[in-house]
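Only one structure is covered here, and it is reproduced in the block below.
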Amino acid sequence: MKKILVAGGMGYIGSHTVVNLIENGYDPIIVDNLSNSNIEVLNRINMITGKKPAFYKVDLCDYDKLENVFKENDFVAAIHFAGLKAVGESVEKPLMYYQNNLISTLNLIELMEKYKVNNLVFSSSATVYGDPISVPIYETFDLHVTNPYGRTKLMIEDILRDYCKVHKEFNVALLRYFNPIGAHPSGLIGEDPNGIPNNLMPYITQVAIGKRECLGVFGNDYNTKDGTGVRDYIHVCDLAYGHVLALDKLFTNSGLVTYNLGTGNGYSVLEVLHAMEKACGFKIPYQIKPRREGDIATCYANCDKAFKEIGFKAKYNIDDMCRDSWNWQKKNPNGYKK
Ligand code: NAD
Ligand code: WQD
């Protein structure tokens, strides 16, 4: 079986991708320092797939420990999810973000070169487009970033573009995710944020379950259908499958490829809230608050390139996403914590 190194595979998107890799006949080997994830994820993956993947509790910033993982395994590819991802925190602690996200990636690329592992899928983000000149957003749009988190994503993209110019044997898929939400339909794995959620969906489900009082809607005076921010939400299982498709592309010796992964549809904050009310069957309290600094009005993808080149098409709609997010929250009111 083909071994895939899954860096950050214990996290939200990584764990769903590990399930997909197993279901598609791969042997995922997870490397994660558990800084934003829980060991219980391994049991849950086992419950879904009947297989407990190999796991190394290793920080990617620790070159020697990461090298041991390469010595012990013959990888055909790596998928790199490992990174810190909270925009606000990155503004407060820029060095922590540059250190963690950049050093981990440099170590990974260096070891991939040393051990001749020539295929890499990297978790980039729609954040690299900043405030786009128009929507939908195409991969060819200019890249602008406005915070240290986003800058780490753009820097890593640039590093990989530079690297691929001279390493023709190296294949990279830069996957620019839009807004992943939802959870595995089993309700066994899902998003488990620490503390107060930054993102919309986990905040809504925590209000719905009674852990928080009321959703703050950040601004209702944007130039959008109802004044609230519009985003391209994508079910995490669709996103996970996108990684399996991207791997197939890399194995054709593709060089560096870049894909938007979204649905191509934009939903406002209030539309998502109402879709969630439908999923749980009751009203969810909310209050209009001032705009959140750094937010943009509208962001959604054009995903034609991913469809044409790797056959990617999201199959879950917003109601499916809300149903599965709610199912996960209900079954795991405290996330993975016992
Ligand atoms: P997550 O925090 O749930 O998963 C990241 C995992 O990486 C965690 O398990 C964490 O413990 C691990 N990790 C972090 N630094 C590490 C290090 N130095 N060594 C080893 N492990 C480390 O995040 P996620 O939502 O699953 O996101 C995965 C990737 O996708 C991230 O790179 C993120 O920036 C990117 N992304 C996420 C979103 C989103 O909205 N969730 C959107 C676009 C891009
Ligand atoms: C969605 C909408 C908010 C919370 C972030 C990162 C981005 C990417 C995905 C990693 C916006 C509104 C939110 C709340 C609200 N991550 N909102 N009340 O900001 O589109 O993207 O996650 O790469 O880089 O910036 O996602 O879920 O935070 O917000 O009204 O309590 O919901 O204003 O319009 P965002 P989000």
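Taken together, the values in this text are just the output of simple stated rules run on the coordinates, not laboratory data. Source: prediction; values computed, not measured. Here the Cβ positions follow ideal geometry from the backbone for every residue, glycine too, while neighbour counts run over all protein chains shown.
Data table
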read-out	value
Selection count, region 101-138, where residues are without any contact (Cβ under 8 Å) to a residue 40 or more places away in the chain and either within 14 Å of ligand 2 (Cβ to nearest atom) or farther than 24 Å from residue 255 by Cβ (or both)	2
Filter result for the condition that a residue is over 21 Å from residue 291 (Cα atoms), among the aliphatic types (A, V, I, L, M) and out of contact with any helix residue (DSSP H, G or I) (no Cβ under 8 Å at 6 or more places or on another chain), over 250, 245, 239	250
Number of the exception - residue 81 against (1) within 8 Å of ligand 1 (Cβ to nearest atom); (2) touching a Phe, Trp or Tyr at 6+ places or on another chain (Cβ under 7 Å); (3) within 22 Å of residue 126 (Cβ to Cβ)	(2)
Those residues of region 293-304 which are within 15 Å of ligand 1 (Cβ to nearest atom) and over 19 Å from the mean Cα position of the chain (by Cα), in sequence order	294, 296
Some residue of region 14-27 being in contact (Cβ under 8 Å) with a residue 40 or more places away in the chain and acidic (Asp, Glu)	no
Residue 76 near ligand 1 (Cβ under 8 Å from one of its atoms), over 22 Å from residue 181 (Cα atoms) and touching a Lys or Arg at 6+ places or on another chain (Cβ under 7 Å)	no
Restricting region 161-173 to residues that are surrounded by fewer than 22 Cβ atoms within 10 Å (Cβ to Cβ) and outside any loop (DSSP other than H, G, I, E, B), the residue that is nearest to ligand 2 (Cβ to nearest atom)	161
Positions within region 5-43 being in a helix (DSSP H, G or I) and within 16 Å of ligand 2 (Cβ to nearest atom), in sequence order	12, 13, 14, 16, 17
Filter result for the condition that a residue is surrounded by fewer than 19 Cβ atoms within 10 Å (Cβ to Cβ), β-branched (Val, Ile, Thr) and within 15 Å of ligand 2 (Cβ to nearest atom), over 224, 152	224
Residues of region 310-332 satisfying the condition of being more than 27 Å from residue 220 (Cα to Cα) and surrounded by fewer than 16 Cβ atoms within 10 Å (Cβ to Cβ)	311, 313, 315, 330, 331
Subset of region 55-110 [of a type in the set (Gly, Ala, Ser) and crowded, with 20+ Cβ neighbours inside 10 Å]	77, 78, 82, 83, 90, 104
